[in-house]
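Right, one structure below, let's go through it.
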Amino acid sequence: MDGSAADRARAGDGALDPKVAAAIAAAEAAGPQSGQTVRVDSWIWSVRLVKTRSMGATACRGGHVRVNGERVKPAHAVRIGDEVRLRQEGRERVVVVTRLIRKRVGAPVAVQCYVDNSPPPPPREAVAPAGIRDRGAGRPTKRDRRELERLRGLPGFGSAASAAGLGSGSRPGTATGQGQRQGQGQGQSTSRGRGKSKP
């Protein structure tokens, strides 16, 4: 890395910890040389926006990564000043590129490589699932399951059973079936009787 990048790390970040400044200088040294570019999937992995590079590539292919408002492929080149939007796990990250690096760095160094303009994450209460059971409570009973379904807004199977006419404990069509069988039996006995009465 040339002296200018090291000077920029020292002068531009004034109050930076010397270890962080050294790590930034090392990351920039491993970055692109003049005329080279950095792939967007590699950059979002390097600055710890995704856990693995393959996850970054998958996010790009799925249309979850935008650079300056346009969906991009994993090989798209990012430049300083680009706005990168990444949507994952119900949250959108909006960052502006300030440093180009290719090597994954620690969190204190990663935050020096972009300006974070992301909206605040939703409160934990909003994302917590309804009806969490205590650890060690065992398998839920049918009653517990119905209450959990009611809390989550799912149709319980008590309501589905009553809607189908199964709440009374009888199977649908049972009475009709018995009546048909009885009628058939009477008809058969009558026809047999008539047949015997003829000489």
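The values are calculated or read from the model by the stated rules, or taken from the named source; none is laboratory data. The structure presented is a predicted model; accordingly, all values stated were derived computationally and were not measured. Using ideal geometry, Cβ is built from the backbone for each residue, glycine included, and neighbour counts are taken over all protein chains shown. Heavy atoms of the whole protein, side chains included, go into the accessibility calculation; ligands, DNA and RNA do not. Shrake-Rupley method; radii C 1.70, N 1.55, O 1.52, S 1.80 Å.
For the reader, a short list of remarks on this structure follows.
- Every pair of residues 6+ apart whose Cβ atoms lie under 7 Å, when the first sits in segment 51-63 and is under 11 Å from V40 (Cα atoms) while the second is surrounded by fewer than 13 Cβ atoms within 10 Å (Cβ to Cβ): C60/K73
- Every listed requirement among (1) in contact with a Pro (Cβ under 9 Å, 6 or more places away or on another chain); (2) of a type in the set (D, E); (3) at positive phi is met by E89 save one, (1).
- Tally, over segment 24-64, of residues that are modelled with pLDDT of 90 or more, in a helix (DSSP H, G or I) and not aliphatic (A, V, I, L, M): 11
- Exactly one residue among V94, V105, V78 is closer than 24 Å to V20 by Cα, aliphatic (A, V, I, L, M), open to solvent by less than 30 Å² (accessible area, probe 1.4 Å) and touching a Phe, Trp or Tyr at 6+ places or on another chain (Cβ under 6 Å), and that residue is V78.
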